[in-house]
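The values are calculated or read from the model by the stated rules, or taken from the named source; none is laboratory data. Given the structure is predicted, the values throughout are model-derived calculations rather than measurements. Note that we place each Cβ from the backbone using ideal geometry, even for glycine, and neighbour counts take in every protein chain shown. Ligands, DNA and RNA are excluded from the accessible area calculation, which covers all protein heavy atoms including side chains. Shrake-Rupley method; radii C 1.70, N 1.55, O 1.52, S 1.80 Å.
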Amino acid sequence: MSNLPAPISQDGPDQHDTQVTSVGLPQTAPRSNGKPNSLNVPLYMQRNGNKVLVRRPKRKDDGALKGLARWFVANQIGLSCNLVALLFLAHSMPRAREYTSKFFTLSYYNQNTGKYFLGGDDWYLIAFFIVVLTGLRAGIMEYVLAPFARAKGVHKKKDIVRFSEQGWLLVYYSFFWPLGVYIYRTSTYYLSLHDLWKEWPNREMDGLMKAYTLAQLSFYLQLLIVINIEERRKDHWQMFSHHIVTSTLIYAAYREGHTRVGNLILVLMDVVDIFLPFAKCLKYLGYKTICDVMFAVFMVTWFIARHIFFPMAIYSVWAHTLIYMNGCFYGRELDGPHPPPANDTWLYIARPLWDTDAPVCFNHNFRNGFFGMLFFLQILTVMWFYLIIRVAIKVIKGGSAEDTRSDDEADDLEDLDEYVYEEAQPLEEEVGADEINLKSWERRVARGKRSTTATGVSLPGHSDRKELLGRIGCEKQVD
């Protein structure tokens, strides 16, 4: 009988009963992070009980959901383009336009006022924005930013990916921050905290404000998808919490008639997200001095916008809201103010989030919840600013500006593969005793002994012919 190894899927070997035997591999030093690279990992491992294990690569966090996430990441452009193409194709059919037009246009236009109301059909446009933003992000990163980085001498895969990600954020915020500033500058509440709350409730808005708010909400919802399907960073949960709070605030402000303060907060938050991606892009391109200067500008902008002006808006929520807003208003005509429903729980405050016809209310409970969410957002920004100060200290001491929040995640993108071992199961082959060629094996063993010193590779027990045959169960030497 001759036993030839044929891999089958098994769990990896236990470390306590495994004897490692490497064949034909140079012995290189392990990586500093403790993860073996492909040159360090032995091709075969031998367990007690004459079992041979064959190496195969395994993706980190391998599983059905992880595989689906990798597929989605790899096919973002095609998937987005196909969905948009299908929508336009369906829209070309007259009978379908009643439904497909909701994906492309603002809903609930009031011809009497020339403004837009809100409702459940807004989710069609939000879904369309998410698909478009996904395709734009992936397309710009892959076909514009990544080739630009390579042309500028960036060769490491991780740096190209980071540059592309930051470049996309720079493109997005460079468009939406000036748009938000324009809306704020031309508004009636420009530079007035009190005017943020006057004329409430007013759930109608002009088309530009509605499109701006829904697009911003779509962007943060799309970010929630991105951070959960792409490789996780060290600050994953902080960013996840930030996006959840931001999305909730934008949506609540939109549904409850607080788009004015929503516009102000987005302007204050978005301005720093122009300078930070710009500084990071300069770092990856090798412009260290300009990067450090831009990082200093980013720090100053962050402190002024998020730790001076943003706390002023939070204070206004606590101090000014109940002066101008109190009670409940019913219907689209906003009849009121009326006292809160006597037979209802505190959920009446949140009901407008899903029920357009529910009464819109404001009282001290709503104020406290609104204030608490903004205060939590401020705590997150303080934690991040602490990390930013650490970077600034590093620059002062002679280092370079590198954002420690997310760039130095635990695992590199280039080291996605780990290795597992599958147990080799013998395939039996009938042979005759006269076909055994032990002399050939002895000559090969002798050559192996002479080469052991040069290669550093040793096969334990192979010096003994009978032991070898007993170990692998062969009756014929297979050349």
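Place a label point 7 angstrom from the Cα of Phe175 along the Cα-to-Cβ direction, then list the residues of segment 89-130 whose backbone nitrogen is under 13 Å away.
Label zone hits: 129-130.
Carbon and sulfur: what percent of segment 110-224's accessible surface (1.4 Å probe)?
Carbon plus sulfur share of accessible area: 61 percent.
Output wanted: per-residue J couplings in Hz (rounded whole) for segment 318-331, from phi through Karplus 6.51 cos²θ - 1.76 cosθ + 1.60, θ = phi - 60°, x for Gly and Pro.
With coefficients 6.51, -1.76 and 1.60, one gets 6, 9, 10, 4, 6, 5, 10, 9, 6, x, 10, 10, 10, x Hz.
Less than 12 Å Cβ to Cβ from Tyr108, Lys/Arg counted +1 and Asp/Glu -1: what total charge do the surrounding residues give? Numbers along the way, then the final one.
Working: positive: Lys102, Lys115, Arg203, Lys210, Arg332; negative: Asp121, Asp122, Glu204.
Within the 12 Å Cβ shell, the charges total +2.
Roll a 1.4 Å probe over the protein chains and send me the accessible area per residue for segment 128-271 in Å².
40
Using a Förster distance of 25 angstrom, determine the FRET efficiency expected from the C-beta separation of Ser92 and Asp121, and round it to 0.05. Can you show the working numbers first?
On the way: r = 21 Å, r/R0 = 0.83.
For Ser92 and Asp121, the calculated efficiency is 0.75.
Going by accessible area, probe 1.4 Å, with all protein chains left in place, what is the ranking of Phe88, Phe72, largest first?
My answer, sorted largest first, is Phe88, Phe72.
Could you list which residues have their amide H under 5 Å from that of Lys115, counting only those 5 or more apart in sequence or on another chain, with H placed in the peptide plane?
Answer set, sorted by chain and number: Asn110.
What length, rounded to one decimal in nm, is gained on full extension from Leu191 through to Val144, with 0.36 nm per residue of separation minus their alpha-carbon distance? Can you show the working numbers first?
Working: separation 47, 0.36 × 47 = 16.92 nm, distance 3.85 nm.
Contour length minus Cα-Cα distance gives 13.1 nm.
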